[in-house]
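Before any comments, here is the structure.
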Amino acid sequence: MGFKRRHWTWSAAPLALALLAATGCESTPDARPKPTAAPPTSVARVCAKPAAGPAKAPAGAVTVDPGVVGDLAAKTESNPPNTTFWLRPGKHRLEPDRYAQVVPKEGNRYLGAPGAVLDGRKTNQYAFGGTAPGVTIRHLTVQRFVAPHDEGVVNHDMADGWVIEHAKIQYNSGAGLMAGARQKVRASCLRDNGQYGMNAYKTGDSIRGLVVEGNEIVGNNTDDWERRRPGCGCTGGIKFWAVNGADIRGNWVHDNRGTGLWADNNNNDFRIENNLLEANDGSALIYETSYNAVIRNNTIRRNNWVEGRREADRGDTFPFATIYVSESGGEPRIRARTDKIEIYRNVLENNWSGITLWENADRFCNSPANTSTGYCTLLVKDTDRCARPAITTAPLYADCRWKTKRVDIHGNRFVLDTSVVKCKAECGRMAVLSNYGTYPDWSPYKGRRVADAITHKQHNRWYDNVYRGPWSFTADDQSKKLDFEQWRGTPYQQDAGSTIVPRDGG
């Protein structure tokens, strides 16, 4: 269910600083970064040291026997809603049918004893499905299920109000976990799944009130879907799709093949804070065709070494970024806890470039260049309205576009040591830009209109930042490379109050 992110070419906070205890990471031009060292103790280490479940069955719980194949599914079916199930230590199995799964009833609770594992044996597609709300899964390892592409193993049917805590969801195909409204995922290990650790998508609906807190999200996209389906935009640690209200905090997101966290298509009201995002092959964070977010107090290091270097080696001069804001901005008409995208008090260290604000002039509702096929902005319900002649005038001229606007980037620390990243100047860029509008023939956004707007008119601002290292800056289009004084001067007037020490190192 992923969609391609696309660019078009044409000719310091105390908490964040405390997390900055960086460990060196060597790389050759053709290699992924080596697995990172242990993170600071304030960040989740739940894959290596998971919290243990209850060693004895709680009072009133139904005991599940690993020696009986299908015991968990059978006892779930035969007991009423709001039942607690305690899974004994050992490897629990479902019937050897691809569609065999556990279908919880409302309010059921599944507790794993130390060493309790639900194993799909590379035979079963799904572990937990159905539409019952309010299900809890704690202290259980779920592994080796084979969900299809874009589908998930736990909460396969995207039921609402589930709580997943102290779980290990690992070594599965597809997504380890799907999401429903008011879902809470806490202190869990989402590791080495074939596509995503979690696919936060709900068929035909938006997801409201999602919490992702204190998890370790590592090594996902083992099936390398971008290679199998080039340009699918369907990989990474977590993908968010049409989520309204999300708190993503205190997670350790690292060593994923592709993007770490990717919010794509009509997400709104995100708070992404106090996370450690490191050594992901692609961007640490993409916020795409979405609205209103606070991104603060994160430590972000050694990301995008693989994808950034690969594109640079191909001669692509686009500013591939560690934080990539693509057709996303603040919108006061959409209710949220902020009416901007605010990026502040983060530490970005030794990544492949910094922050890129991008807007594709050819991407809008009803355009063939809109890779979110069939979707429109949150301001226009009927995509068909975005056509001539109505799209040429207000309000549709503005509202049929996802705009990168009202983005404030301030109080951040950007550190680049090219001897660590092993890169040329292409790896240290900030950018605000668009392409020259050309497509389709009936587009009202042709020429430099969008490039002028994103750069000069849409209230995108850098200020009060600290830079260390050989940073350069790009504005209007990717052919313009500016030094710090040009970036601060007329007509761009960016980074008021900011300082730069233009040498390698911290």
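The values are calculated or read from the model by the stated rules, or taken from the named source; none is laboratory data. Computed from a predicted structure; not experimentally measured. Cβ placement follows ideal geometry from the backbone for every residue including glycine, while neighbour counts extend to all protein chains displayed. Accessible surface areas use protein heavy atoms only, side chains included; no ligands, DNA or RNA. Shrake-Rupley method; radii C 1.70, N 1.55, O 1.52, S 1.80 Å.
How high is the FRET efficiency between residue 206 and residue 503 when r is their beta carbon distance and R₀ equals 45 Å, given to the nearest 0.05?
Once the sixth-power term is evaluated, E becomes 0.45.
Fully extending the segment from residue 486 to residue 436 would add 15.8 nm, taking 0.36 nm per residue of separation and subtracting the current Cα-Cα distance.
Measure out, as a whole number of angstrom, how far apart the alpha-carbon centroids of region 99-166 and region 258-299 sit. First find each Cα centre; the distance between them is then 26 Å. The modelled label-to-label distance between residue 229 and residue 74, using points 7 Å beyond Cα along the C-beta direction, is 3.8 nm.
Within region 298-340, list the trypsin sites (Lys or Arg not before Pro) lying in a DSSP loop whose Cβ has at most 15 other Cβ atoms in a 10 Å radius.
In loop regions of region 298-340 (DSSP not H, G, I, E or B), the sparsely surrounded trypsin sites (Lys or Arg not before Pro) are 314, 333, 335, 337.
Dipole size of the chain about its Cα centre, with +1 on Lys/Arg Cβ and -1 on Asp/Glu Cβ: approximately 420 debye, rounded to the nearest 20. With θ taken as phi - 60° and the Karplus curve 6.51 cos²θ - 1.76 cosθ + 1.60 applied, the whole-hertz 3J(HN,Hα) list for region 239-247 is 10, 10, 9, 6, 9, 10, x, 9, 10 Hz, x standing for glycine and proline. As a calculated quantity, the FRET efficiency between residue 394 and residue 316 at R0 = 35 Å, using C-beta atoms, amounts to about 0.45. Using θ = phi - 60° in the Karplus curve 6.51 cos²θ - 1.76 cosθ + 1.60, the 3J(HN,Hα) couplings for region 453-461 round to 5, 5, 7, 10, 10, 9, 6, 9, 9 Hz; x is entered for Gly and Pro. Rounded, prolate or oblate for region 457-502? Axes are the square roots of the Cα gyration tensor eigenvalues, ordered a ≥ b ≥ c, and the cut-off for rounded is a/c under 1.5. Oblate shape, in that a/c is at least 1.5 and b/c is the bigger or equal ratio. What shape does region 294-410 have by the C-alpha gyration tensor, where a ≥ b ≥ c are the square roots of the eigenvalues, rounded means a/c under 1.5, and otherwise prolate means a/b greater than b/c and oblate the rest? Oblate is the answer for region 294-410, as a/c is 1.5 or above yet b/c matches or exceeds a/b.
Computed packing ranks the peptides 255-266, 58-69 as 255-266, 58-69, most packed first, by mean other Cβ atoms within 10 Å. In sequence order, region 466-481 has phi-based couplings of 10, 10, 10, x, x, 7, 10, 9, 10, 9, 6, 8, 6, 7, 9, 10 Hz under the Karplus curve 6.51 cos²θ - 1.76 cosθ + 1.60, θ = phi - 60°, and Gly or Pro positions carry x.
Counting only protein heavy atoms and a probe of 1.4 Å, the accessible surface of the chain is 50% carbon and sulfur. Backbone amide hydrogens, once placed in the peptide plane, bring residue 321 within less than 5 Å of nothing, excluding anything fewer than 5 places away on its chain. Computed from the C-beta positions of residue 222 and residue 452, the FRET efficiency with R₀ = 45 Å rounds to 0.55.
Sparse packing (at most 10 other Cβ atoms within 10 Å of the Cβ) combined with a DSSP loop state is found for the following chymotrypsin sites (Phe, Trp or Tyr not before Pro) in region 55-149: 99. Looking at the square roots a ≥ b ≥ c of the eigenvalues of the Cα gyration tensor of region 425-497, which shape do they give, rounded for a/c under 1.5, prolate if a/b is larger than b/c, or oblate? Prolate, since a/c reaches 1.5 and a/b exceeds b/c. Measuring between alpha carbons in the structure, the pairs from 105/168; 56/168; 75/168; 381/457; 56/202 lying more than 29 angstrom apart are 56/202.
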